[in-house]
Structures are given as C-alpha cells and as structure tokens.
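The values are calculated or read from the model by the stated rules, or taken from the named source; none is laboratory data. Just so it is clear, the model here is predicted, and its values are computed rather than measured. Every residue, glycine as well, gets a Cβ built from its backbone with ideal geometry; the counts of neighbours run over all protein chains shown. Accessible surface areas use protein heavy atoms only, side chains included; no ligands, DNA or RNA. Shrake-Rupley method; radii C 1.70, N 1.55, O 1.52, S 1.80 Å.
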Amino acid sequence: VIHGSSGGEVHHLIKYLVNEVQRLRGTHVDLEVLTQENPRASSSSSIWLIPLFLLPGKHVQNDIPKIFQRLCNEGIETKLLPFLGCWPYWLSTLKYLVEMESKVGDPVLVHHPLRTEVGLNYLSDLKKRLQIPIIPWTEWHEYANKSQKQYSPIPFSLAPNQNTRNLRNGDSISSLLEIDFFLFGLIRTLTLLP
C-alpha cells in the first residue's frame, strides 16, 4: 500500500520496486494506491499487506486497518505487516545515511507534518535513535535560515513529492528511494519475506 499522487499516479521508482519484487519473488504483487478512487480487486487467496509508509500518520492508523478489514471481508487470508518506517532494517539504513550525511554537513530529517500522539511519539523516538534534529517540511526554510550551519536535509519521503523536491541544493535527491542502498535494500527485504 502506498499513498500515490493525485489521481492515483504512481512514481516510477515505486513501479520499479514493485516490478523487481514481483520478478525476483516469481509471483504477482498487487499495489494499492490510496489516491486511486477504486482499489483494484485482488485475485489472490492470501496477501501480505505491507504499508509502505514511513510515519504512523492517519493513513497507517485509519486507512490500513480499513484495507485489512476489506480484504478479510473478501475472504482473502491477509497478514498485516507493520508500517515500513518502524522496520529494524529501515531504521538501521536510515542511521547509516545520517552517518554519511554527517561527514558533509549537519543532517536534519525533514518529514511530513504529524499531529497525532502516536506520530509525535514515533518522531520523538526516532530523534533519540538518530541524534539529529527532526522537523516538518513546513518549518524547513525557517529552520535553515535562522542558523549559520551548513545543514544537510534528509527528505523523509519514500518517493519525491512537491514538498521534498527543493530541499537539497547540492544534488537532486528528494526522497529515500532515489538513494540506491535504500531502493535495492528494500527490494531485497521485500523479496526475502517468507
């Protein structure tokens, strides 16, 4: 399950991810896009429901349980996995990126704004793990302009979106899947699920 862009548009990096996992596992992979009006019916009798979300926001808390219930009501044996942002593999890869970014500047994780207690608790825990500032992208420019430090913003987004495209000046990275070790690591992790 992904968010998607308006009208159900899927970024080419997500399409590549799905195609590679499908090819390597030798099985069909359904992709449910929250911004699509009508979800595609699955012909599978059993499904792993994998929320490809980095934060426990409203989609993880509200939409994923509804999708899980819908699939179960359709008679599909459904195993729900936790959202991607809490997977130990993902967190260790993020920690590695922070270490790499620390060599060229002061890393700051820039994320989608959250307001729920669950989301804020997750961000607080993530800040303790990473030991760097974590701020919503709505506050990024003000944060960056009030200091003389050379910040290295890390866009905490799976695929590029309008809020992450202009965070970094020195390179074109505006999402984590644009970084090879995130993309290929996620492909490998999804492929190796039992």
For Thr35, which of the numbered conditions (1) in contact (Cβ under 8 Å) with a residue 12 or more places away in the chain; (2) farther than 26 Å from His112 by Cβ; (3) of a type in the set (Val, Ile, Thr) fails to hold?
(2)
Would you call Thr164 hydroxyl-bearing (Ser, Thr, Tyr), touching a Phe, Trp or Tyr at 6+ places or on another chain (Cβ under 6 Å) and either farther than 17 Å from Leu55 by Cβ or free of Cβ contacts under 8 Å to residues at least 60 places away in the same chain (or both)?
no
For Tyr89, which of the numbered conditions (1) closer than 20 Å to Lys58 by Cα; (2) touching a residue at least 24 places away in the same chain (Cβ under 8 Å); (3) not β-branched (Val, Ile, Thr) fails to hold?
(1)
With the condition kept exactly as written, say whether any residue in region 7-20 is open to solvent by 30 Å² or more (accessible area, probe 1.4 Å), assigned to a loop (DSSP other than H, G, I, E, B) and more than 25 Å from Arg188 (Cβ to Cβ).
yes
Those residues that are in contact with a Leu (Cβ under 7 Å, 6 or more places away or on another chain) and outside any helix (DSSP H, G or I), I need them from region 134-161; list them, please.
Ile134, Pro153, Ile154, Pro155, Phe156, Ser157, Leu158, Ala159
May I ask you to list pairs of residues, at least six apart or on different chains, whose Cβ atoms are under 9 Å apart, with the first in region 98-122 being free of Cβ contacts under 8 Å to residues at least 40 places away in the same chain and the second being of a type in the set (S, T, N, Q) and open to solvent by 30 Å² or more (accessible area, probe 1.4 Å)?
Pro113/Thr138
Got a number for residues in region 162-186 being hydrophobic (A, V, I, L, M, F, W, C), open to solvent by less than 20 Å² (accessible area, probe 1.4 Å) and not in a loop (DSSP other than H, G, I, E, B)?
5
Among the candidates Leu130, Leu186, residue that is in contact (Cβ under 8 Å) with a residue 40 or more places away in the chain and of a type outside the set (D, E, K, R)
Leu186
Would you mind finding the one in Ala159, Ala144 that is hydrophobic (A, V, I, L, M, F, W, C), more than 17 Å from the chain's Cα centre (by Cα) and either closer than 24 Å to Ile64 by Cα or surrounded by 12 or more Cβ atoms within 10 Å (Cβ to Cβ) (or both)?
Ala144
Just for strands (runs of 3 or more DSSP E) wholly inside region 27-123: which have at least 3 residues that are open to solvent by less than 20 Å² (accessible area, probe 1.4 Å), within 30 Å of Glu142 (Cβ to Cβ) and out of contact with any Ser or Thr (no Cβ under 6 Å at 6 or more places or on another chain)?
106-111
